[in-house]
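Everything below concerns the one structure shown next.
The values are calculated or read from the model by the stated rules, or taken from the named source; none is laboratory data. Please read these numbers as outputs of a predicted model, since none were measured by experiment. Here Cβ is always computed from backbone atoms with ideal geometry, including for glycine, and neighbour counts include all displayed protein chains.
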Amino acid sequence: MDFLHILFSSIKGMFPDLLYWTIPPLIPFIIAEQIWPVHARPRWRDYGMNILIALTTSYLALPLGILAGIWSASVRHYLPWKAFSVSFHNIAAIPVIGHPLEIAAMIFVPLLAHDFWFYWSHRLEHKIPVLWSFHKLHHSDELMNTSTWARDHFLQNSWRAFFSIFTLGLFFDLDFADAGKAALYSFMFLAGLSLFYHSAIRVRLPWLDRVLVTPQVHRIHHSVDPVHHNRNFADALPVFDIVFGTYHRPAREEFPVTGLGDEYRAPRSIWSAQMGPVLSAVKQLLPGISKKKPTPVAAS
């Protein structure tokens with residue numbers, strides 16, 4: 001009953017909020033892509049399909065994300081260790097720089113934790129065939145653009161929510177006020193960064209490539225070139241790619257073509273985008289259902 005109450009409360013009024021947070025932030029990046037495109041200019045239908053995928057995914061992935069948070073809080077009471085209590089209030093007490101330092105900590109401390117878990121969940125999505133069935137929707141965008149940042153399958157988002165929220169909830173205990181503000185600040189920063197580095201803007205930022213994920217750095221991850229496969233997994237901070245040996249720093253004119261080629265063509269309808277990967281995963285988990293039973297031979 002508590003879960004249903006939380007779920008319905010979260011869904012209530014969600015649609016206008018999603019439209020507000022999904023469409024207006026795209027506009028400056030769309031304009032820049034049309035003026036300084038990497039290759040061909042993205043078309044309006046490219047943006048439209050990605051927005052439809054983002055909206056449907058947000059609704060369909062919401063229940064498991066809430067469950068992950070509830071379950072982690074419940075399981076934490078039975079663990080042999082005590083969750084690490086985190087508070088940002090003490091930082092604000094530092095004279096002069098306390099408040100801006102508190103906001104910076106609320107952005108980058110959750111971001112660092114998020115990126116560590118994201119890096120490994122992302123690598124698993126490329127390694128495990130069933131998880132790849134869902135993640136390939138994101139990679140199938142042949143004209144990667146700023147709206148690609150939200151082109152995720154709902155089960156991929158559910159998996160990521162469970163992986164990060166559930167695991168982090170086992171080790172960290174934040175009070176609701178701090179957790180809410182930290183989540184808001186880090187999300188706003190990450191969303192803005194992700195809109196930028198998914199964009200098809202022809203921009204070179206070699207001085208930033210090892211500090212934050214840039215459009216060139218992330219374009220390598222989406223490249224059709226096999227040389228670039230399984231590179232640059234990080235969501236915000238390349239440090240984890242550098243430490244774990246998966247970093248590829250782009251050359252000055254390295255702007256590869258994106259997509260999956262003949263392996264998986266981009267879906268042309270919202271139904272095929274959301275249900276196609278589910279059917280593919282089912283066939284992998286239950287290979288027998290995709291095989292036709294042999295026709296019995298009549299006795300002579």
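For region 45-59, does any single residue satisfy the condition of being outside any loop (DSSP other than H, G, I, E, B), at pLDDT 65 or above, over 30 Å from S199 (Cβ atoms) and not small (G, A, S)? Steps first, please.
Initially, region 45-59 is screened for residues outside any loop (DSSP other than H, G, I, E, B), giving 45-59.
Imposing the further condition that a residue be at pLDDT 65 or above reduces the set to 45-59.
Now restrict to residues that are over 30 Å from S199 (Cβ atoms): none.
There is no residue in region 45-59 that is outside any loop (DSSP other than H, G, I, E, B), at pLDDT 65 or above, over 30 Å from S199 (Cβ atoms) and not small (G, A, S).
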Checking V213 against (1) crowded, with 21+ Cβ neighbours inside 10 Å; (2) over 24 Å from W120 (Cβ atoms), the condition it does not meet = (2)
ask   = For the subset of region 80-133 comprising residues that are polar (S, T, N, Q) and modelled with pLDDT of 80 or more, which member is farthest from the chain's Cα centre (by Cα)?
value = S133
query = Which ones in region 216-258 are crowded, with 22+ Cβ neighbours inside 10 Å and β-branched (V, I, T)?
reply = V217, I220, T258
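For region 126-154, what are the residues that are assigned to a helix (DSSP H, G or I) and under 18 Å from V224 (Cβ atoms)? Don't jump to the end; show me each part of the working.
Restricting attention to region 126-154, the residues satisfying the condition of being assigned to a helix (DSSP H, G or I) are 126-127, 129-139, 146-150, 154.
If the condition is that a residue be assigned to a helix (DSSP H, G or I) and under 18 Å from V224 (Cβ atoms), then H126, W132, H135, K136, L137, H138, H139, T148 are the ones that fit.
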